[in-house]
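J.: Pasting a structure below so you can have a look.
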Amino acid sequence: MVAKTRWGGIADGFRAGGFFRLGERDGVCWLIDPDGGRFLSKGVNTVRIDQDQIRGGERFPYAENCRRKYGGDDAWRRAAATRLAGWGFNTLGSWSDETVAKPGAVPLAVTPNLDLGMSFAWPRRQSFPDLFDPQFENHLTQRARDLCAKRSGEQQITGWFSDNELRWGPDWRGGDDLLTLFLNLPPASPGRDAAIDFLRGRRDFAGFNDAWRTPARSWDDLAKLARIDAPYRRKPPHERSVPSEDAADRADPRRAVVMADCDAFLALLAERYFALTCAALRAADANHLLLGSRFAYPPPRAVIEAAGRHVDVVSFNCYDPGPEAALAAYAVTGKPCLIGEFSFRGEDSGLPNTGGAGPKVATQTDRAASFRRYVEAALRSPLLVGYHWFEHADQPAQGRSLDGENSNFGTVTIEDRVYEELTAAMTQVNGRAEALHAAAREAVG
């Protein structure tokens with residue numbers, strides 16, 4: 001019989017430290033739970049009764065169904081906690097009701113998402129925070145104190161996610177590189193001034209404008225332009241190919257200059273973001289791990305390397321059929337990795353599946369098999385320390401209010417019926433996860 005801690009970690013030689021921390025054995029990375037157990041964070045996102053308000057309405061159909069079924073929120077919380085533990089999960093992923101972590105016989109770890117940077121950007125209608133605004137650092141300091149300092153003694157917190165799916169360049173939110181975004185901030189914005197000063201420091205104006213081809217005739221003219229468009233655009237990082245990028249730059253040296261400017265500014269932003277956010281969090285709470293910013297796709301290498309210099313764990317969301325390519329991209333840091341979201345949607349669920357990320361498969365049987373293949377592949381990486389499924393319950397067929405997603409992501413239906421094949425696969429794989437991961441033999445770093 002394998003001895004386990006109260007957190008479900010394997011008790012086999014690591015000392016108790018009071019909080020979650022990192023450990024390594026035979027070249028394989030682990031989380032170490034507060035009682036010294038060897039631990040993988042096996043989580044589910046959005047475990048909450050009030051998941052997903054219907055788009056264009058006031059109703060929360062999952063909550064309505066569960067309140068009829070269980071008679072109240074606390075009864076649902078107890079049932080949800082027991083069910084998750086029975087499926088072998090030990091963590092509540094992002095956007096979960098943390099009170100679910102306590103009612104069950106086994107405590108569940110939590111991984112709060114702080115929106116540290118984007119909570120500065122949203123009120124200012126920025127799609128990426130102006131990191132050069134003098135108020136940005138003050139905002140980070142205050143938000144970290146407000147959200148983290150008072151919880152620094154809580155053992156159930158694995159660590160903090162600083163943000164979720166920040167925009168590191170062209171993606172589904174737009175085709176601009178961040179340099180272009182910053183150049184087009186409102187006049188006199190600190191970020192706009194910083195972007196122009198950055199370009200001014202790289203070459204004289206004639207050299208700059210030979211590549212960028214703006215209507216300005218000087219740096220002062222450039223600062224007065226209502227809009228500054230890059231003369232070239234490129235695909236998002238996950239759609240780019242290095243050979244095609246290199247060929248395009250060789251064919252057009254001006255393009256190479258513009259892209260080099262964009263990449264150098266992006267590297268500067270990434271270093272600044274991770275340095276400032278991690279410093280603010282460590283000042284507020286020295287006890288918990290810094291879990292990174294949950295990359296949506298592998299960004300350019302400079303961004304990954306900046307994260308690796310500051311975070312404890314590199315977190316990323318990966319809706320590919322398998323995690324191998326993403327894990328390889330983040331392995332350049334040598335840091336432990338946590339998959340913050342992944343999922344598969346079944347076409348037989350009766351839901352539209354027209355909004356939301358990730359592969360669609362024909363049946364629930366295929367969904368279960370896809371979960372098994374994905375997680376077993378992830379566990380073969382010695383850098384992996386956790387994987388979190390998106391999400392607890394299906395989305396409403398009418399679409400959720402946030403963005404209209406209407407997909408079969410759930411472990412349960414919107415009526416709270418369990419997907420038996422999927423959860424049986426989860427139970428089996430979660431039960432073997434530590435043994436599979438201990439056998440990982442790839443080189444670290």
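The values are calculated or read from the model by the stated rules, or taken from the named source; none is laboratory data. None of these values were measured; they are calculated from a predicted model. Neighbour counts run over all protein chains shown; Cβ positions are idealised from the backbone, glycine included.
J.: Could you check region 128-153 and list, in sequence order, the residues that are acidic (Asp, Glu) and in contact (Cβ under 8 Å) with a residue 12 or more places away in the chain?
T.: Hits for region 128-153 are ASP130, ASP133, GLU137.
J.: Right, something else. Would you mind stating whether LEU181 is on the phi < 0 side of the Ramachandran plot, part of a loop (DSSP other than H, G, I, E, B) and of a type in the set (A, V, I, L, M, F, W, C)?
T.: No.
J.: Same structure, new question: Those residues that are within 18 Å of GLU154 (Cβ to Cβ), in contact with a Ser or Thr (Cβ under 6 Å, 6 or more places away or on another chain) and surrounded by fewer than 21 Cβ atoms within 10 Å (Cβ to Cβ), I need them from region 4-45; list them, please.
T.: Hit for region 4-45 is ASP35, nothing else.
J.: I'd like the residue in region 387-445 that is assigned to a helix (DSSP H, G or I) and in contact with a Ser or Thr (Cβ under 8 Å, 6 or more places away or on another chain) and, out of all such residues, is farthest from ASN90 (Cα to Cα).
T.: Checking each candidate, the answer is GLU421.
J.: So ALA377 passes all but one of these: (1) under 17 Å from LEU327 (Cα atoms); (2) assigned to a helix (DSSP H, G or I); (3) of a type in the set (Gly, Ala, Ser); (4) out of contact with any Gly (no Cβ under 8 Å at 6 or more places or on another chain). Which condition number does it fail?
T.: (4)
J.: Would you point out the residue of region 78-100, among those that are under 24 Å from the mean Cα position of the chain (by Cα) and farther than 22 Å from ARG294 by Cα, that is surrounded by the fewest Cβ atoms within 10 Å (Cβ to Cβ)?
T.: Filtering region 78-100 for residues that are under 24 Å from the mean Cα position of the chain (by Cα) and farther than 22 Å from ARG294 by Cα, the one surrounded by the fewest Cβ atoms within 10 Å (Cβ to Cβ) comes out as THR99.
J.: Same structure, new question: Inside region 212-252, can you point out the residues that are of a type outside the set (D, E, K, R), in a helix (DSSP H, G or I) and at pLDDT 90 or above?
T.: TRP212, TRP219, LEU222, ALA223, PRO243, SER244, ALA247, ALA248, ALA251
J.: Does PRO382 qualify as being in contact (Cβ under 8 Å) with a residue 60 or more places away in the chain, part of a loop (DSSP other than H, G, I, E, B) and in contact with a Gly (Cβ under 6 Å, 6 or more places away or on another chain)?
T.: Criteria met by PRO382.
J.: Checking the structure you have, find out if any residue of region 228-243 is of a type in the set (Ser, Thr, Tyr), more than 30 Å from TRP30 (Cβ to Cβ) and over 33 Å from the mean Cα position of the chain (by Cα).
T.: No, the conditions are met nowhere in region 228-243.
J.: Whether any residue in region 62-70 is in a loop (DSSP other than H, G, I, E, B), surrounded by fewer than 24 Cβ atoms within 10 Å (Cβ to Cβ), of a type outside the set (Val, Ile, Thr) and out of contact with any His (no Cβ under 9 Å at 6 or more places or on another chain) is what I want to check.
T.: Scanning region 62-70 turns up no residue that is in a loop (DSSP other than H, G, I, E, B), surrounded by fewer than 24 Cβ atoms within 10 Å (Cβ to Cβ), of a type outside the set (Val, Ile, Thr) and out of contact with any His (no Cβ under 9 Å at 6 or more places or on another chain).
J.: If I ask for residues that are acidic (Asp, Glu) and in a helix (DSSP H, G or I), which ones from region 71-108 would you list?
T.: Within region 71-108, ASP73, ASP74, GLU98 meet the criteria.
J.: Among the listed residues ALA275, ALA296, ALA329, which satisfies the condition of being surrounded by 16 or more Cβ atoms within 10 Å (Cβ to Cβ), under 19 Å from PHE128 (Cβ atoms) and within 19 Å of the chain's Cα centre (by Cα)?
T.: ALA296
J.: Output yes when any residue across region 293-305 is modelled with pLDDT of 95 or more and within 22 Å of LEU422 (Cβ to Cβ), and no when none is.
T.: no
J.: Can I ask one more? Residues that are among the hydrophobic types (A, V, I, L, M, F, W, C) and part of a helix (DSSP H, G or I): does region 350-363 have at least one?
T.: no
J.: Continuing with the same structure: Go through region 144-165 and give me each residue that's buried (at least 20 other Cβ atoms within 10 Å of the Cβ), hydroxyl-bearing (Ser, Thr, Tyr) and over 15 Å from PRO129 (Cα atoms).
T.: Within region 144-165, THR158 is the sole residue that qualifies.
J.: Return the total of residues in region 171-217 being surrounded by fewer than 15 Cβ atoms within 10 Å (Cβ to Cβ) and out of contact with any helix residue (DSSP H, G or I) (no Cβ under 6 Å at 6 or more places or on another chain).
T.: Number satisfying all stated conditions: 18.
J.: Turning to a different aspect of this structure: Based on what the data block shows, is TRP168 of a type outside the set (D, E, K, R) and surrounded by 15 or more Cβ atoms within 10 Å (Cβ to Cβ)?
T.: When the stated conditions are applied, TRP168 passes them.
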